[in-house]
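FYI, it's all coordinate maths here, none of it is from the lab. In this text the structure is predicted, and so the values were computed from the model without any measurement. Neighbour counts are summed over all protein chains in view; Cβ atoms, including those assigned to glycine, are modelled from backbone coordinates with ideal geometry.
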Amino acid sequence: MKQDYRHPHLPYGNEVFLIVAKAPVRTNEPPIPNRERPAEPQPFEANPEQLLQFYKEMLLIRRFEEKAGQLYGLGFIGGFCHLYIGQEAVAVGLQSALDGERDSVITGYRDHGHMLAYGIDPKVIMAELTGRAAGISKGKGGSMHMFSTEKRFYGGHGIVGAQVSLGTGLAFKHKYSGDGGVCLAYFGDGAANQGQVYESFNMAELWKLPIIFVIENNQYAMGTSVNRASSEDQLYRRGESFRIPGIQVDGMDVLACRGAAEEALAWVRAGKGPVILEMKTYRYRGHSMSDPAKYRSRDEVQAVRDKSDPIEHVKRLLTEQGVKEEELKKVEQDIRKTVNEAADFAESTPEPEVGELYTDVLVETY
Ligand SMILES: Cc1ncc(C[n+]2csc(CCOP(=O)(O)OP(=O)(O)O)c2C)c(N)n1
Ligand SMILES: [Mg+2]
């Protein structure tokens, strides 16, 4: 039988090369003509309870982060701390579409919101921020290194872009073990320029791994805007050379986020390989806690807050659906109470014993 050496993805005659020992040369062709793509995402049609749930989850992240900022100012939190304020719709919308029993999530250091959106107790997240033994990483990981293996939340990573390769490994595990899970791997617009991201794209598409690469394009890396740092700033196109389809999404609209997640999941679960979602979002606060923010004007930040705040957007929709002002006030009060309780816990619960320095350094799994 004739051996077929053709790469399974190549749409045209690689056999020409095998017969005449000459590679076909194509100039000026669009990179991937007539290629199948995921369907165009539609905004999610949330019922009133779902919409209220989105509102609660986003508001919890906002108030939690504001409180974390205060505790940092008071000296209860040390080291790095990156707030998610402004980006709430992304984690809430995307993660609401996941199957909590089998899918996995991995992200970078701006991770508190993703954990809260996953339903992890605010107390153990806040206690991790204040470095207490009751924290989710026993107070030894801090803001950037939080994990919940029970929930399949794999961090929390400080090395920009590292979570993309690790996430690709998680996706490999999903495929290898046939557990039906999909990995959601988040990274930033700055991280999108890291080399290991592209090595991961290559392997993920080649092996059709079940992974959604989520670029949280909040317009800025540490101190530079995406437009000044990226030769291709339409980041959803970054997978073209690897044949990974990309979709750009309004990351300030939780319904658009959820709708995009559903299409991406349908594609990936059908075994068609990875998808890139570029979430157009915005961070309101500095990169970390000390940031002179010389790279943008206050007016710019205010304009986004006024015109496209993700929480105000849902609040408007709820009001249009007839939810009363008092009900929304009650939600706000309950969330403030939850956050205050988390802060009280995080301030009062003890620090780890010194002996804990020597535990959890290495986990041998075999
Ligand atoms: C490999 C590596 N290089 C540089 C840094 C320093 N650094 C930390 S965050 C950051 C910016 C990343 O920006 P982006 O990916 O857009 O994420 P965002 O902070 O906006 O969420 C940089 C350069 C790092 N932590 N790791
Ligand atoms: Mg960024």
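A few remarks follow.
- A cut-off of 5 Å between modelled amide H atoms, ignoring neighbours fewer than 5 places along the same chain, links Ser104 with Val182, Cys183, Leu184.
- Fewest-first ranking of Trp207, Trp267, using other Cβ atoms within 10 Å as the exposure measure: Trp207, Trp267
- HN-Hα J in Hz across the range 191-197 - Karplus 6.51, -1.76, 1.60, θ = phi - 60°, x for Gly and Pro: 4, 5, 9, 7, x, 5, 4
- Calculated [222 nm] ellipticity per residue, helices only, for the chain: -12500 deg cm²/dmol; basis is -39500 (n - 2.57) per DSSP H run with n ≥ 4, divided by all residues, nearest 500.
- 0 to 90° range, to nearest 10: angle between helix 48-73 axis and the chain longest Cα axis: 70 degrees
- Square roots of five times the Cα gyration tensor eigenvalues for the chain, Å: 38, 25, 20
- The range 295-336 shape via C-alpha gyration tensor axes, a/c threshold 1.5: oblate
- C-alpha long axis of helix 298-308 to longest principal axis of the chain, angle in °: 80 degrees
- Counted over the range 137-238, the DSSP beta bridges are approximately 25% antiparallel.
- Most simply put, the range 48-346 has about 10% antiparallel DSSP beta bridges, counting only bridges with both residues inside it.
- Sequence of Ser308, Ser241 once ranked by neighbouring C-beta atoms within 10 Å, starting from the fewest: Ser241, Ser308
- FRET efficiency estimate (nearest 0.05) - Cβ-Cβ, Lys329 to Lys272, R0 30 angstrom: 0.05
- For the chain, the longest principal axis of the alpha carbon atoms and the long axis of helix 325-348 meet at an angle near 80°.
- The range 212-366: C-alpha gyration tensor shape, a/c 1.5 cut-off, then a/b vs b/c: rounded
- Close amide H pairs (under 5 Å, H built 1.01 Å from N) link Glu278 with Ile215, Ile247, Gln248, Val249, residues at least 5 positions away or on another chain.
- Approximate spin-label separation Arg237-Val354, in nm, with each point projected 7 Å along Cα-to-Cβ: 5.9 nm
- Note on Ser177, Ser231: ascending count of other Cβ atoms within 10 Å places them as Ser231, Ser177, the fewest first.
- The GNM of the chain, with springs linking C-alpha atoms under 10 angstrom apart, assigns the highest mean-square fluctuation among Ser297, Ser137, Ser96 to Ser297.
- Each Cα pair under 8 Å and six or more residues apart adds its separation to the average, and for the chain the resulting relative contact order is 22 percent.
- The string of couplings for the range 207-212 from the Karplus curve (6.51, -1.76, 1.60, θ = phi - 60°) is 9, 6, 6, x, 9, 10 Hz, one whole number per residue in order, with x for Gly and Pro.
- Projecting label points 7 angstrom from Cα along Cα→Cβ for Arg336 and Asn47 puts them 3.2 nm apart.
- Largest GNM mean-square fluctuation across Arg283, Arg238, Arg102, computed for the chain with C-alpha springs under 10 Å, falls on Arg102.
- For the range 143-276: rounded, prolate or oblate by the Cα gyration tensor [a/c cutoff 1.5]: rounded
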